[in-house]
Amino acid sequence: MVDLQVLARDVHAELNGEADRGKVADYIPELAKVSLNKFGIAIANLDGVCFTAGDADEAFSIQSISKVFALALALGKVGDALWRRVGREPSGSAFNSIIQLEHEKGIPRNPFINAGAIVVSDIILAGHRPREAIGEILRFVRVAANDETVSIDPAVARSEQEHGFRNAALANYMRAFGNIRNSVELTLGVYFHQCAIEMNCVQLAQAGLFLANGGCDPRSGISVVSRERARRISALMLTCGHYDGSGDFAFKVGFPGKSGVGGGILAVVPGKASIAVWSPGLNAQGNSLLGTKALERIAQRTGWSVFGT
Ligand code: GLN
């Protein structure tokens, strides 16, 4: 048995000196302010015990990692009807790409590219005010993390609102096909606020435990989603969680993960652990460069994989 505390510390120490740390996202100006030197790791086992290294206690913008929680919430609301409006195939394109939408008549490839996540936000917003929908997403994350202090950074939400031209294009385009039902402005407001949730690695690793444990929070015993749903969300994380880098992530790491442009990655190892890594420098596909390397080393040394032991 690998000592997870030693593992977290070793992997952090080995990679922390790397000169090539990727590039911090700057299309959201507020994210560009974060130091490239940050690097944190948290590994939570199924007893909820967390093993940490580096900046694991420092909050960062979870960005697209929020799409996992929003999907779980939306599925709880509308069930499989969600799949009439969003696909389940990897896109092979960038997270903010618009090109497939025309061919596929406004139905996004999957719920983790921006277009798909905007539809999921639109589903959560249905019948609510934006404030209520945002509150519901935040509550879901707080319950999953077992931490009432998780919050939204309004400066990041504002920054994205002011510069989110591509997301506005995606939402308007889908609205033209009837796949956005609320006003584009309100739906985007929900989406930007969910992306602006800030968490540290410890909170994020804890929040992923229900997925690693068949849908049930192992600390409270509360069933967050059904076992089948946890498996399916995890399958989508593996096939679509890193956009056009998803194949490479599956190849190198071998268990489900979801990245965000804030430099975080949430990875779940079914039956074993939930892992959060954070380093704000991104690779060409917009996924954390050091974070991916860290998960690769963790996978190698533990032998954890969904493809056999
Ligand atoms: N809020 C970001 C955006 O819409 C999320 C993208 C990401 O994390 N990959 O561009």
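The values are calculated or read from the model by the stated rules, or taken from the named source; none is laboratory data. Computed from a predicted model, the values in this text were never measured in an experiment. Don't worry about glycine lacking a Cβ; one is built from the backbone with ideal geometry, like all the others, and counts go over all protein chains shown.
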Subset of segment 188-199, residues outside any helix (DSSP H, G or I) and buried (at least 24 other Cβ atoms within 10 Å of the Cβ), comes to Ala196, Ile197, Met199
Listed by first then second residue, the pairs whose first member lies in segment 8-35 and is in the same structural domain as Trp278 (by TED's automatic domain parsing), whose partner is in a loop (DSSP other than H, G, I, E, B) and away from the ligand (no atom under 16 Å from the Cβ), with beta carbons under 6 Å and at least 6 positions apart or on separate chains, are Asn16/Phe39; Arg21/Leu36; Val24/Leu36
Please verify whether segment 282-300 includes one or more residues that are in contact with a helix residue (DSSP H, G or I) (Cβ under 6 Å, 6 or more places away or on another chain), among the small types (Gly, Ala, Ser), modelled with pLDDT of 95 or more and within 27 Å of Tyr27 (Cα to Cα). yes
Conditions (1) small (Gly, Ala, Ser); (2) more than 16 Å from the ligand (Cβ to nearest atom); (3) not in a helix (DSSP H, G or I) -> Ala8 fails only (3)
When you go through Ala133, Ala126, Ala176, Ala171 one by one, which is the residue that is within 14 Å of the ligand (Cβ to nearest atom), modelled with pLDDT of 95 or more and farther than 28 Å from Ile43 by Cα? Ala171
Is there a residue being in contact (Cβ under 8 Å) with a residue 12 or more places away in the chain, part of a strand (DSSP E or B) and aromatic (Phe, Trp, Tyr) anywhere in segment 42-60? yes
I want to confirm something. Restricting to segment 143-168 and keeping residues that are within 14 Å of the ligand (Cβ to nearest atom) and of a type in the set (A, V, I, L, M, F, W, C), which single residue is farthest from Pro218 (Cα to Cα)? Phe165
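Scan segment 155-165 and give yes if some residue there is in the same structural domain as Phe95 (by TED's automatic domain parsing), assigned to a loop (DSSP other than H, G, I, E, B) and touching a helix residue (DSSP H, G or I) at 6+ places or on another chain (Cβ under 9 Å), otherwise no.
Scanning segment 155-165, I find at least one residue that is in the same structural domain as Phe95 (by TED's automatic domain parsing), assigned to a loop (DSSP other than H, G, I, E, B) and touching a helix residue (DSSP H, G or I) at 6+ places or on another chain (Cβ under 9 Å), so the answer is yes.
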Please work out if Ile222 is among the β-branched types (Val, Ile, Thr), under 22 Å from Ala273 (Cβ atoms) and surrounded by fewer than 18 Cβ atoms within 10 Å (Cβ to Cβ). yes
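Condition check ((1) touching a strand residue (DSSP E or B) at 6+ places or on another chain (Cβ under 6 Å); (2) outside the structural domain of Gly40 (by TED's automatic domain parsing); (3) in a helix (DSSP H, G or I); (4) surrounded by fewer than 24 Cβ atoms within 10 Å (Cβ to Cβ)) across all residues:
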position	(1), (2), (3), (4)
Gly116	no, yes, yes, no
Gly135	no, yes, yes, yes
Arg139	no, yes, yes, yes
Met174	no, yes, yes, no
Leu186	no, yes, yes, yes
Leu204	yes, no, yes, no
Among the residues of segment 89-114, count how many are farther than 20 Å from Gly260 by Cα and crowded, with 21+ Cβ neighbours inside 10 Å. 1
